[in-house]
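Just so it is clear, none of the values below were taken in a lab; they were calculated from the coordinates. Just so it is clear, the structure is predicted and the values come from calculations on it, not from any experiment. No Cβ is skipped: glycine too gets one built from the backbone with ideal geometry, and neighbour counts run over all protein chains shown.
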Amino acid sequence: MKELLKRLTISILLGANLCTILLLWTCIALTYVSPDVCPRLSLLTLAFPVFLIADLLFIILWLLFKARLAWVPIAGALLAGSYILDYCPLNPTANHADTDSTTITIVSFNVGHMKDDQQREGLLTFLTTTDADIICLQELSKSFLTNHQEWLDTAAYHYLQSGNDAIITRLPILSDTISIPYPTRSNHSTACWIDCHGDSLLVVNNHLESNHLSPQEQDEYTNTITDPHKETIKSSSRMLLKKLSEAAAFRGAQADSIRSLALRNANHPVIVCGDFNDTPISYTYQRLARQLHSAYRQTGLGPGFTYSRRSFPVRIDHLFYSKHWTCHSCHIDNTVTTSDHYPLIVRLSKKMH
């Protein structure tokens, strides 16, 4: 009887492990399917870290109690290896070697509609310390730059702004703002051409579809975690599913448009950055990562959360670059508290052909 119970327990655990691996692989498969095909199912990708942690715990479990079965979760993780590294890169140190006069620093930052002078001054102080060559800001008020023209002149910056997104640069601007048409309720992407050491560089600044969760709705979600009640969980879940799936469908089409723009200009250096409102295990991120390189994937360490307010610790701000560049570092500065996002600071240098 005891032996029968033991075999039954192992069978149940093995079945649970296989289900976990299947769910892990399903998350990966969904990154190939546009969210507008099945918006709600696409949200399963948000649970990728949960399934990954469960699989890693199974490795420990089998090593302790049934070592010969440890190959099952190990194989499951290995077959998802590149996606695990997308979510949690393991680059021990940034590559600062061989930087030269072609090396540029880019900052991408969702500044979050700064509401007071302290936040605005904090942003200027931060940007001044980065000494960036190109700055891409999202959710920036239309009056901010015109009200700080003296700072722009002192730092020798030019800028283009479209709506609440701005591209600020010390390098000469070669074009007017290029609008990128795609389906959206209120978000958008903008681009321009910049003269980067004698070459035409396309910079695309993005703020992809927001989930449109009000502070009250975000608090409601937080309360379901900290103080769960059946009815609250049911109503909150319905609301979240509806809003997240609607936004995911928009972002899928938006990612397609941005990728098409990058493909049309594949012969030129390209930088695509901003607030994508999607994690590394998503159609949005992977659609671009399969055409361009992700700066944090190449040089980052750990999950690297760029948004961690209200119980939503995720990396949704990204910077992608074309084959013309070498990435030396991608740093998420979590000491900057002027916004609900953290800025990305990336150093790239042009490859010499």
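Results, tabulated for the structure shown:
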item	result
Cα pair distances in segment 111-155, grouped into 5 Å bins until the bin that holds the longest one, percent each	5, 19, 35, 31, 11, 0
All lysines inside 16 Å of K323 as judged from Cα atoms, apart from same-chain residues fewer than 8 positions distant	K350, K351
Within the chain, helix-based [θ] at 222 nm, where runs of 4 or more DSSP H residues each add -39,500 (n - 2.57), nearest 500	-13000 deg cm²/dmol
Whole-percent pair-distance distribution, where bins are 10 Å wide, for the alpha carbons of segment 103-350	7, 32, 37, 19, 5, 1, 0
Chain lengthening between L171 and T102 when straightened (0.36 nm per residue, less Cα-Cα)	23.7 nm
Kyte-Doolittle mean at least 1.0 and Cα axial length at least 15 Å: DSSP H helices in the chain	2-30, 48-65
Test item: Cα-centred dipole of segment 17-170, Lys/Arg +1 and Asp/Glu -1 on Cβ, debye	900
Burial order of peptide ranges 12-18, 301-307 (average beta-carbon count within 10 Å, highest first)	301-307, 12-18
Pairwise centroid distance, computed over Cα atoms, of segment 45-93 with segment 268-339, Å	22
Positive-pole candidate from I60, L213, V203, dipole of the chain, charges at beta carbon	I60
Candidates V50, V33, V272: whichever shows maximal mean-square fluctuation once the chain is modelled as a Gaussian network with Cα springs under 10 Å	V50
Cα centre as origin, Lys/Arg/Asp/Glu Cβ charges: the chain dipole, Debye	1680
Residue of S101, S210, S257 that the Gaussian network model of the chain assigns the largest fluctuation, springs spanning Cα pairs under 10 Å	S101
Nearest-20 debye value, segment 2-87 charge dipole, Cβ charges on Lys, Arg, Asp, Glu	480
